[in-house]
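The values are calculated or read from the model by the stated rules, or taken from the named source; none is laboratory data. These figures come from a predicted structure and were not determined experimentally. Reconstructed Cβ throughout: ideal geometry from the backbone, glycine too, with neighbour counts over all protein chains shown.
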Amino acid sequence: MVGSIVAWAFVITLPAADRAELERRARCYTLPHAVVVRAKIVLLAAEGLENTQIAARLDVHVNVVSRWRGRFAREGLDGLGDRRRPGRPRVFPAAVVAEVKAMACEPPEDRRVPQSRWSAADLAAEAQAEGLVESVARSTVWRWLEEDAIRPWRYRSWIFPRDPDFAVKAGRALDLYQRVWEGRDLDDDEYVLSTDEKSQLQIVSRCRPGLPPGPRRPGRYEFEYERHGTVAYLAAYDVHRAHLMGRVEPTTGIAPFAALANQVMSQEPYASARRVFWVADNGSSHRGQASVRRLAAAWPNATLVHLPVHASWVNQIEIVFSVIQRKVITPADFKDSDALAARLLLPVHRWPPVRMRTACCSTMSAVQWQPASGCGTLTIELV
């Protein structure tokens with residue numbers, strides 16, 4: 001018995017299984033909002049709250065609370081679902097709807113349609129061409145697909161891991177992000193740097209000056225531009241101190257990466273550190289055991305840790321590069337390489353707070369970028 005009538009109100013008593021299911025619905029972010037609200041109504045009713053109190057807390061009409069409280073009391077969890085509503089009879093048989101859904105799950109080329117993806121309009125036209133229906137609206141096809149969350153116009157790319165030691169190599173980097181190496185916590189004089197290069201940064205200048213934002217008008221930039229070559233931005237990001245060190249070079253390569261290593265390792269606290277881990281991908285500037293030996297020969301306290309092949313997304317510096325691209329470079333309008341380098345290395349004012357997602361545990365932390373003391377360095381202060 002999930003509910004009983006006392007005077008005019010329904011008293012809700014929840015079995016453990018019903019409570020667990022309702023709490024799951026109330027916490028879920030992917031369920032329809034109405035389903036979440038109904039679950040919260042019943043949970044609050046089980047706490048002994050009156051309908052008016054529940055309505056005020058959930059910002060709904062008291063009649064809504066009364067309806068779902070009563071349905072749950074009479075029918076349990078089944079009463080929280082939508083009831084069938086009257087309407088006009090189905091125009092299209094279920095077999096036709098199923099055939100169109102099946103068509104949406106097939107590549108268009110299987111039906112000799114010269115496209116890479118379906119749209120609702122394409123499916124409606126193909127259904128008519130194949131004689132499944134005489135006529136059907138695009139919106140009707142879209143509604144059929146939405147019933148099963150079929151969206152053939154969307155796609156996601158993926159890549160098969162080719163590195164046989166993918167888990168081991170990725171695990172080493174993720175452990176370092178947690179300040180762990182080979183099962184041992186890092187000491188205070190051990191540091192973790194994430195490094196990479198942002199290559200082929202185009203130096204372009206707009207043919208005409210842009211316009212700043214105004215009332216009811218976004219900023220405007222000339223579409224036409226002139227090219228002035230490319231540069232590379234190399235950086236090392238201290239994962240735990242939120243400190244970014246970078247430099248601009250004409251191109252990437254072994255020598256530019258060595259210059260970045262010298263810039264970082266010659267300054268404190270890295271120069272006197274017991275050990276400095278450099279987490280890097282397998283780019284040509286720092287690929288293979290030869291790069292490990294080169295870095296160790298130049299700086300004995302530096303250890304180069306390679307990520308698996310095709311795993312740059314595990315590299316923390318990629319988050320910083322994304323922020324730089326969106327907040328520092330785009331929309332690009334630089335007259336020469338010096339102007340771009342000045343923007344990258346010596347920002348005049350602090351940058352607005354941004355949100356960064358760590359690759360190791362997907363937690364969020366707010367950071368604020370400020371100008372650094374010294375040429376070629378940016379500092380990121382946690383706020």
| Among (1) surrounded by 15 or more Cβ atoms within 10 Å (Cβ to Cβ); (2) over 19 Å from R19 (Cα atoms), which single condition is E106 missing? | (1)
| request: Scan segment 290-305 and give yes if some residue there is touching a strand residue (DSSP E or B) at 6+ places or on another chain (Cβ under 6 Å), assigned to a loop (DSSP other than H, G, I, E, B) and surrounded by fewer than 18 Cβ atoms within 10 Å (Cβ to Cβ), otherwise no. | output: yes
| Which of (1) outside the structural domain of G246 (by TED's automatic domain parsing); (2) surrounded by 17 or more Cβ atoms within 10 Å (Cβ to Cβ) does W153 not meet, given it meets every other one? | (2)
| Before we move on, is V192 within 25 Å of G283 (Cβ to Cβ), surrounded by fewer than 19 Cβ atoms within 10 Å (Cβ to Cβ) and at pLDDT 90 or above? | no
| query | For residues in segment 284-321 being at pLDDT below 90 and not hydrophobic (A, V, I, L, M, F, W, C), which is nearest to L201 (Cα to Cα)? | reply | S312
| Which residue pairs have Cβ atoms under 8 Å apart, sit 6 or more places apart or on different chains, and have a first residue in segment 154-174 that is among the basic types (K, R) and a second that is buried (at least 16 other Cβ atoms within 10 Å of the Cβ)? | R162/V309; K169/D163; K169/H306; K169/L307; K169/P308; K169/A311; R172/W181; R172/V305
| remark: Residue hits (segment 164-186; under 22 Å from the mean Cα position of the chain (by Cα) and part of a loop (DSSP other than H, G, I, E, B)) are Q178
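Within segment 82-97, work out how many residues are closer than 13 Å to V141 by Cβ and aliphatic (A, V, I, L, M). Explain how you work it out, then say what you get.
Initial filter on segment 82-97 (closer than 13 Å to V141 by Cβ): 91-92, 96-97.
Now restrict to residues that are aliphatic (A, V, I, L, M): 91, 96-97.
So the answer is 3.
Pick from A255, A273: which is touching a strand residue (DSSP E or B) at 6+ places or on another chain (Cβ under 7 Å) and either assigned to a loop (DSSP other than H, G, I, E, B) or free of Cβ contacts under 8 Å to residues at least 40 places away in the same chain (or both)? Explain how you work it out, then say what you get.
Working: A255 fails: touching a strand residue (DSSP E or B) at 6+ places or on another chain (Cβ under 7 Å).
Answer to the selection: A273.
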| message | Could you check segment 217-241 and list, in sequence order, the residues that are farther than 20 Å from I203 by Cβ and buried (at least 19 other Cβ atoms within 10 Å of the Cβ)? | response | A236, Y237, D238, V239
| query | Take the residues of segment 9-61 that are under 19 Å from G79 (Cα atoms) and of a type in the set (S, T, N, Q): which is surrounded by the fewest Cβ atoms within 10 Å (Cβ to Cβ)? | reply | T13
